[in-house]
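Visitor: Structure incoming, see below.
The values are calculated or read from the model by the stated rules, or taken from the named source; none is laboratory data. Keep in mind it's a predicted model, so treat the numbers as computed, not measured. Neighbour counts run over all protein chains shown; Cβ positions are idealised from the backbone, glycine included.
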């Protein structure tokens, strides 16, 4: 199975590093998905949600506020200013990380609509994961 | 008897020094833990952003394409003016930590003078500033009080001055020198060319086939990326240097404590010898006094 290596790093350390099936990124020109063997590209990211499809089909979600991504054939490197990984086994842990993700998105003063869209996406994805 | 008193006073004084150095060591150990954590967390990001930039530099150099912002990436073999940003500590008592950085800067000055290259110094940290002021070497910028309390904003301010001059064409190269953290007991002098961005040292055969497609507004992306790269490198240099400073001080204070301990041992021996001597003298005096009474 084809996978690509995804790394998400912030000034406060590495948030994510693993082989994944695909990843959807919030580009400054719009959202785009990356599958293995993608053409190489360097681009800006805006505030939003990084949707990661793990090898086992589950989804992981990371909220970022601003950053860059470097894509080449089999690796994706995200350099984000701030990132919050939404994860956790229990309901309370997830809601806690959701809260910090919301704060992160709000801190850059994006419009309420954009935040609402992003948050609803996060919630949708976290729900599918639990099933 | 005066001798005895003298030695006792010395022992007391050395013991006090020992107490001070031990306390300083403990303080540094605690501070080191925090600084080390900060440096470790940022290292991943610093390494990654350098990787990305050097890859771009490599590709731009290879294809000579676009010529976007080429001044940032093309190596100038005969620079006329070099900016050196160097980081020292604000405080002393940390062994050879500051001197190592200063030596590196002085070597650079000497080499550049031979090649008739103008070097402008931007100093961060009181110790470096004090040294070059004393030597009568002119400093372009001096930032005191940043090394012991680094922040991203201050790093931005420092590097912006250097980069602005580079963009304006006043300098051809910016070099950053700091003494970095290697592990608990050793430091490592790091000298890095910040601009022009250096391509990776090892050749990148594996990825040389693929091409980087700058999207619309490629320049904008590169600008943002470059700015981040400069700022982050400066910031990382500051926190790396702080971690190294604490580890150096911890070690220096450890050595000082051990030396003081040794010194106390020697003095105690001398004290006991002097005491014995005086007892013997007294005894002889008493005995000879008794003898003469008979």
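Visitor: Answer yes if at least one residue in the stretch B:131-138 is surrounded by 22 or more Cβ atoms within 10 Å (Cβ to Cβ), away from chain A (no Cβ under 14 Å), touching a residue at least 24 places away in the same chain (Cβ under 8 Å) and under 18 Å from the mean Cα position of the chain (by Cα), and no otherwise.
Guide: Within the stretch B:131-138 (the criterion being surrounded by 22 or more Cβ atoms within 10 Å (Cβ to Cβ), away from chain A (no Cβ under 14 Å), touching a residue at least 24 places away in the same chain (Cβ under 8 Å) and under 18 Å from the mean Cα position of the chain (by Cα)), the answer is no, since none of the residues qualifies.
Visitor: Cβ-Cβ distance below 8 Å, separation of 6 or more or different chains: which pairs start in the stretch B:262-282 with a residue that is more than 11 Å from residue B:11 (Cα to Cα) and end on one that is in a helix (DSSP H, G or I)?
Guide: Pairs that qualify, where the first residue is more than 11 Å from residue B:11 (Cα to Cα) and the partner is in a helix (DSSP H, G or I), are B:274/B:3; B:274/B:4; B:274/B:7; B:275/B:4; B:278/B:4.
Visitor: Scanning for something more than 14 Å from every other protein chain (Cβ to nearest Cβ), at pLDDT 90 or above, more than 26 Å from residue B:71 (Cα to Cα) and surrounded by 15 or more Cβ atoms within 10 Å (Cβ to Cβ), does the stretch B:170-180 turn up at least one residue?
Guide: Yes.
Visitor: Go through (1) touching a helix residue (DSSP H, G or I) at 6+ places or on another chain (Cβ under 9 Å); (2) surrounded by 15 or more Cβ atoms within 10 Å (Cβ to Cβ) one by one and return the number of the condition residue B:23 breaks.
Guide: (2)
Visitor: Condition (residue is within 26 Å of residue B:31 (Cβ to Cβ), in contact (Cβ under 8 Å) with a residue 40 or more places away in the chain and within 14 Å of chain A (Cβ to nearest Cβ)) applied to the stretch B:46-67: is it met by at least one residue?
Guide: Looking through the stretch B:46-67, at least one residue is within 26 Å of residue B:31 (Cβ to Cβ), in contact (Cβ under 8 Å) with a residue 40 or more places away in the chain and within 14 Å of chain A (Cβ to nearest Cβ).
Visitor: Turning to a different aspect of this structure: When you check residue A:84 against the structure, is it touching a helix residue (DSSP H, G or I) at 6+ places or on another chain (Cβ under 6 Å), more than 14 Å from chain B (Cβ to nearest Cβ), assigned to a strand (DSSP E or B) and buried (at least 22 other Cβ atoms within 10 Å of the Cβ), yes or no?
Guide: When the stated conditions are applied, residue A:84 passes them.
Visitor: Then there is this: Scan the stretch B:259-280 and tell me whether some residue there is buried (at least 17 other Cβ atoms within 10 Å of the Cβ), closer than 28 Å to residue B:40 by Cβ, touching a helix residue (DSSP H, G or I) at 6+ places or on another chain (Cβ under 7 Å) and modelled with pLDDT of 95 or more.
Guide: no
Visitor: If the requirement is being in contact with a strand residue (DSSP E or B) (Cβ under 9 Å, 6 or more places away or on another chain) and either in a helix (DSSP H, G or I) or within 14 Å of chain A (Cβ to nearest Cβ) (or both), which of these qualifies: B:43, B:34, B:22?
Guide: The match here is B:43.
Visitor: Among the numbered criteria (1) farther than 19 Å from residue B:57 by Cα; (2) in contact (Cβ under 8 Å) with a residue 60 or more places away in the chain, which single criterion is violated by residue A:27?
Guide: Only one criterion in (1) farther than 19 Å from residue B:57 by Cα; (2) in contact (Cβ under 8 Å) with a residue 60 or more places away in the chain is unmet by residue A:27, namely (2).
Visitor: Please tell me if residue B:252 is under 20 Å from residue B:128 (Cα atoms), at pLDDT below 90 and surrounded by fewer than 21 Cβ atoms within 10 Å (Cβ to Cβ).
Guide: no
Visitor: I'd like to verify a number: residues in the stretch A:9-27 that are in a strand (DSSP E or B), within 18 Å of residue B:49 (Cβ to Cβ) and at the interface with chain B (Cβ under 10 Å from one of its Cβ atoms), how many?
Guide: The number of residues fulfilling the criteria is 6.
Visitor: Same structure again: Need the failing condition index for residue B:225 against (1) closer than 23 Å to residue B:89 by Cβ; (2) within 13 Å of chain A (Cβ to nearest Cβ), just the number.
Guide: With respect to (1) closer than 23 Å to residue B:89 by Cβ; (2) within 13 Å of chain A (Cβ to nearest Cβ), residue B:225 is out only on (1).
Visitor: Determine whether residue B:103 is more than 14 Å from every other protein chain (Cβ to nearest Cβ), surrounded by fewer than 19 Cβ atoms within 10 Å (Cβ to Cβ) and out of contact with any helix residue (DSSP H, G or I) (no Cβ under 8 Å at 6 or more places or on another chain).
Guide: Yes: the conditions hold for residue B:103.
Visitor: Find the residue count for the stretch A:28-59, including only residues that are facing another protein chain (nearest Cβ under 9 Å) and within 19 Å of residue B:49 (Cβ to Cβ).
Guide: Number of matching residues: 6.
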